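Colleague: Would you mind keeping the following structure in view while I ask a few things?
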Amino acid sequence: MNGTAAIAINNLGVYYRTVEALHNISLEVLPGKVTGVFGPNGAGKSTLVKAMLGLIPVRVGTVLYDGQPLQNCLEKVAYVPQRSQIDWTYPVTVWDVVMMGRVRKTGWFRRFSTVSHRQGMEALAKVQMEAYKNRPIGQLSGGQQQRVFLARSLAQEADIFFFDEPFVGVDQKTENIIFNIFHELADLGKIILVINHDLGESITNFDELILLNKELVAVGDRKEVLQEENLYRAYGSKVTFFSEMSSHLAA
Amino acid sequence: MLETLLEPLQYSFMQRSLIVAIVVGIICAVVGSYLMVQRLALLGDAISHSVLPGLAIAYLMGANIFVGAFVAGIISTIFINLIRTRSNIKEDTAMGIVFSAFFALGITLITTIQKDTKIDLNHFLFGNILGVTAADVRDTLIIAFIVISVVVLLYKELLFYTFDKLGAQAVGLPVNLLDLGLMMLIGLTIVASLKAVGVILVLSLLITPAATAYLLVERLHQVMFLGVAIAVTASIAGMYLSYFYNLPSGPAIVLVTSGIFILAFLFSPGQGVFTHPPSNSGQIAILKELKGLILANRR
Ligand SMILES: Nc1ncnc2c1ncn2[C@@H]1O[C@H](COP(=O)(O)OP(=O)(O)O)[C@@H](O)[C@H]1O
Ligand SMILES: [Mg+2]
């Protein structure tokens, strides 16, 4: 079953106290694809991911993975929160952060094993951050910080990856490294769900798109979703978005 | 010189109070590191003020005052959370409301009962470390053992949780349990510190050694170890100062701790005011800071 199951969201509704944040969301997130979640600020993108993981209470609906509630399979999930959720002045080094990915696997009252150390090193190498192993997390650039969090999720050996706006404040080099890893993970049959808001050229890196604005606007193959009408419904006004045509010309 | 240093140790009350001062310094530095990284300094203050009525009631009932204080601390955090979650009032406001009410109740109770008993409000407010009994030493050691064991056993989980709550929750760590555990550690530590410094100054022992270490090192466990070293130094130095110059012990310890903080603040290699000026113009950093302050006030 490893890496073949999808996540099925059915009729999901989320409220913050009395304010409705998500209404009647039903969709599938497929393994083996890089799926992007798009929508304007406040559309409920972060809320969707948090609700899927049970980080905030769900009013109605179900989130199933392989027939079971996703909340019962959290050890298979790697989640990288939005930049703003992290205190970048916290006294931790790159290595400390990466090894957080091994905490659940290691179990209570135990020290990290040599296997865990190796996993941590491999994950750091993969995002090209070995040289920064002993740096405090606050002394890195935004792109480097994001790569460290990606390494943490890799060290976790998860089957399901959730990233909340990993490309905010990130340099081109980091963006390429991150997308390459996303595609490698997808090729291994993992589930990759990435929140983004940039409708620029990088959108061609996504296989599937979820377009959200409190309700589900569109979901499916990128080219089908990227219709002007869908974007208008999601973003509420004329938006300029990257056209596939010019990408072929440029390529 | 050595003789002078050994002189106070011939008194058993000095031995006991030194042990308590050192042990309290150690656990405060460790637990205070968690308070600092979570920006919960105010919570430490709130809990320490809130234990006062518990002390008084336990004293009245003849119960263990450690237990009374701990229960009062727990009840106050429950009230704080109740106000915060059942209304739009923010956490710091809720803390302010609850801790001042508890503090007032505690002072009222103690003032009332101190007419009939021989207890002294000042001992609760500022500690009475020279009056610690052998039983107090035992209780302090037991609490320290619990606190340090929990921190060692749960270190990697607590690091993850305090750094990235959502990430920790997302991998299925029991974050509510970890949060409760941290609250227990804070409560126990404050209770153990009351004899040494009292409810008003305990915040200094919790926050200042950790903050000082934070200026000098870069990982949480290093902050804890260096914080402990600073706290132990300050406890010993404070006790000797208090012995030789007849100063109140709690405030003496706090003043030494604060002095070490000032040194680190000025001279820390990474973040010191003198060693790490905000810009590289020729002006001496501290003068610039002062000028900035004065100019800012004029505007
Ligand atoms: N903790 C919260 N309490 C109340 N409202 C919230 C909270 N978090 C988010 N919201 C609201 O829910 C809506 C969706 O937020 P969010 O999921 O963060 O949007 P996005 O990630 O798409 O920018 C917004 O209107 C936001 O103001
Ligand atoms: Mg968001």
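Colleague: If I model the range B:144-225 as equal point scatterers sitting on the Cα atoms and use the Debye formula, what is log10 I(q)/I(0) at q = 0.21, 0.25, 0.26 Å⁻¹?
Modeller: Rounded to two decimals, the profile gives -1.12, -1.28, -1.29.
Colleague: On to the next question. A:V60 to A:H117: extension gain in nm, 0.36 nm per residue of separation minus the Cα-Cα distance?
Modeller: On the way: separation 57, 0.36 × 57 = 20.52 nm, distance 4.11 nm.
Net length gain for the segment: 16.4 nm.
Colleague: What nm value, rounded to one decimal, do you get for the distance between A:S202 and A:E229 when each label is placed 7 Å out toward the C-beta?
Modeller: About 3.0 nm, to one decimal.
Colleague: What is the distance, in nm, between label points placed 7 Å from the Cα along the Cα-to-Cβ direction at B:R39 and at A:S141?
Modeller: Going by the 7 Å Cα→Cβ label model, 2.7 nm.
Colleague: Mean 1/r over all different Cα pairs, inverted: what Kirkwood radius does the protein assembly as shown give, in Å? Provide the component values of the computation, followed by the final result.
Modeller: Working: mean 1/r = 0.0379 Å⁻¹.
That comes to 26.4 Å for the protein assembly as shown.
Colleague: Going by Cα centres, the range B:160-217 and the range B:81-102 are how many Å apart?
Modeller: Centre-to-centre (Cα) distance: 19 Å.
Colleague: Relative to the compact-globule scaling 2.2 N^0.38 Å, provide the ratio for the alpha-carbon radius of gyration of chain A. Please list the in-between numbers first.
Modeller: Numbers: Rg = 18.2 Å, N = 251, 2.2 N^0.38 = 18.0 Å.
For chain A, the normalised Cα radius of gyration comes out at 1.01.
Colleague: While we're looking at this one, here's another question. Highest mean first, what order results for A:111-122, B:163-174, B:101-112 on Cβ atoms within 10 Å? It would help to have the intermediate numbers written out before the result.
Modeller: Values: A:111-122: 14.4, B:163-174: 21.0, B:101-112: 17.3.
Averaged packing, sorted descending, gives the order B:163-174, B:101-112, A:111-122.
Colleague: Continuing with the same structure: In what sequence, highest mean first, do A:7-18, A:146-157 appear when ranked by Cβ atoms within 10 angstrom? Don't skip to the answer; put the middle values down first.
Modeller: On the way: A:7-18: 15.2, A:146-157: 25.2.
Peptide ranking by packing, descending: A:146-157, A:7-18.
Colleague: Moving to a separate point now. Provide a whole-number value for the mean count of partner chain Cβ atoms within 10 Å of the Cβ atoms in peptide A:90-103. Mind dumping the intermediate values first?
Modeller: Values: counts 10, 16, 10, 4, 0, 1, 8, 5, 0, 3, 11, 3, 2, 9.
Mean shielding by partner chains, rounded to a whole number: 6.
Colleague: Ignoring everything except DSSP H segments at least 4 long, calculate the 222 nm mean residue ellipticity for chain B; use -39,500 (n - 2.57) per segment, divide by total residues, nearest 500. Numbers along the way, then the final one.
Modeller: Numbers: 14 runs with 236 residues, N = 299.
So the helix-based figure for chain B works out to -26500 deg cm²/dmol.
Colleague: Under the rule of -39500 (n - 2.57) per DSSP H run of 4 or more residues, summed and divided by the residues of chain A, what mean residue ellipticity at 222 nm is obtained, to the nearest 500 deg cm²/dmol? Intermediate results must be reported in sequence, preceding the final value.
Modeller: Values: 9 runs with 82 residues, N = 251.
Estimated from H runs of four or more residues: -9500 deg cm²/dmol.
Colleague: Are there DSSP H segments in chain B that both extend 15 Å or more along their axis (alpha-carbon positions) and score a mean Kyte-Doolittle hydropathy of at least 1.0? List them, or say none.
Modeller: Working: long enough: B:12-37 (38 Å, 1.96); B:65-86 (31 Å, 1.62); B:91-113 (33 Å, 1.48); B:134-153 (28 Å, 2.09); B:175-214 (30 Å, 1.87); B:220-245 (36 Å, 1.38); B:249-267 (27 Å, 2.14); B:285-298 (20 Å, 0.58).
Passing helices, by number: B:12-37, B:65-86, B:91-113, B:134-153, B:175-214, B:220-245, B:249-267.
Colleague: Towards the positive end of the charge dipole of chain B, with charges on Cβ (+1 Lys, Arg; -1 Asp, Glu), say which of B:I190, B:L2, B:F160 has the farthest Cα.
Modeller: B:F160
Colleague: For labels at B:T233 and A:Q71 in the simple 7 Å Cα→Cβ model, what's the distance in nm?
Modeller: My value for the distance between the label points is 4.9 nm.
Colleague: On to the next question. Could you tell me the distance between the Cα centroids of the range A:17-68 and the range A:188-234, to the nearest Å?
Modeller: Each part reduced to its Cα centre gives a spacing of 14 Å.
Colleague: Still on this structure, please answer the following. Consider a paramagnetic label point 7 Å from the Cα of A:A131 along Cα→Cβ; state which residues of the range A:76-111 have an amide N under 12 Å from it.
Modeller: none
Colleague: Oh, and also: At a threshold of 8 angstrom on Cα-Cα distance, excluding pairs fewer than six apart, so keeping six or more, what relative contact order does the range B:2-298 reach in percent? Please report the intermediate quantities before stating the final value.
Modeller: On the way: 414 pairs, mean separation 77.5, N = 297.
Reported as a whole number, the value is 26 percent.
Colleague: So if I restrict to the alpha-carbon atoms in chain B, what is the Rg, and what is Dmax, the biggest pairwise distance, in Å?
Modeller: 20.5, 66
Colleague: Can you give me the C-alpha center-to-center distance between the range B:47-80 and the range B:131-151, rounded to a whole angstrom?
Modeller: 17
Colleague: To continue, here is another question. For the range A:40-146, what is the convex hull (Cα atoms) projected area averaged across all directions, in square nanometres? Present the calculation step by step, with values, prior to reporting the outcome.
Modeller: Numbers: hull surface 36.6 nm².
So the mean shadow area of the Cα hull is 9.2 nm².
Colleague: Still on this structure: Using the structure shown, list the pairs from A:K33/A:K190; A:K76/A:K126; A:K45/A:K76; A:K33/A:K223; A:K190/A:K214 with a Cα-Cα distance above 18 Å, or answer none. Kindly include the intermediate steps, with their values, before the conclusion.
Modeller: Values: A:K33/A:K190 8 Å; A:K76/A:K126 20 Å; A:K45/A:K76 21 Å; A:K33/A:K223 14 Å; A:K190/A:K214 27 Å.
Long pairs (Cα-Cα over 18 Å): A:K76/A:K126; A:K45/A:K76; A:K190/A:K214.
Colleague: Let me ask something additional. Would you be so kind as to identify which of B:H276, A:L53, A:V19 lies farthest towards the positive end of the dipole of the protein assembly as shown, taking Lys and Arg as +1 and Asp and Glu as -1 on Cβ and the Cα centre as origin?
Modeller: Of the listed residues, the answer is B:H276.
Read the figures in this text as sums done on the coordinates, not as results from a lab. Worth saying up front: this structure is predicted, and the values here are computed from it rather than measured. Don't worry about glycine lacking a Cβ; one is built from the backbone with ideal geometry, like all the others, and counts go over all protein chains shown.
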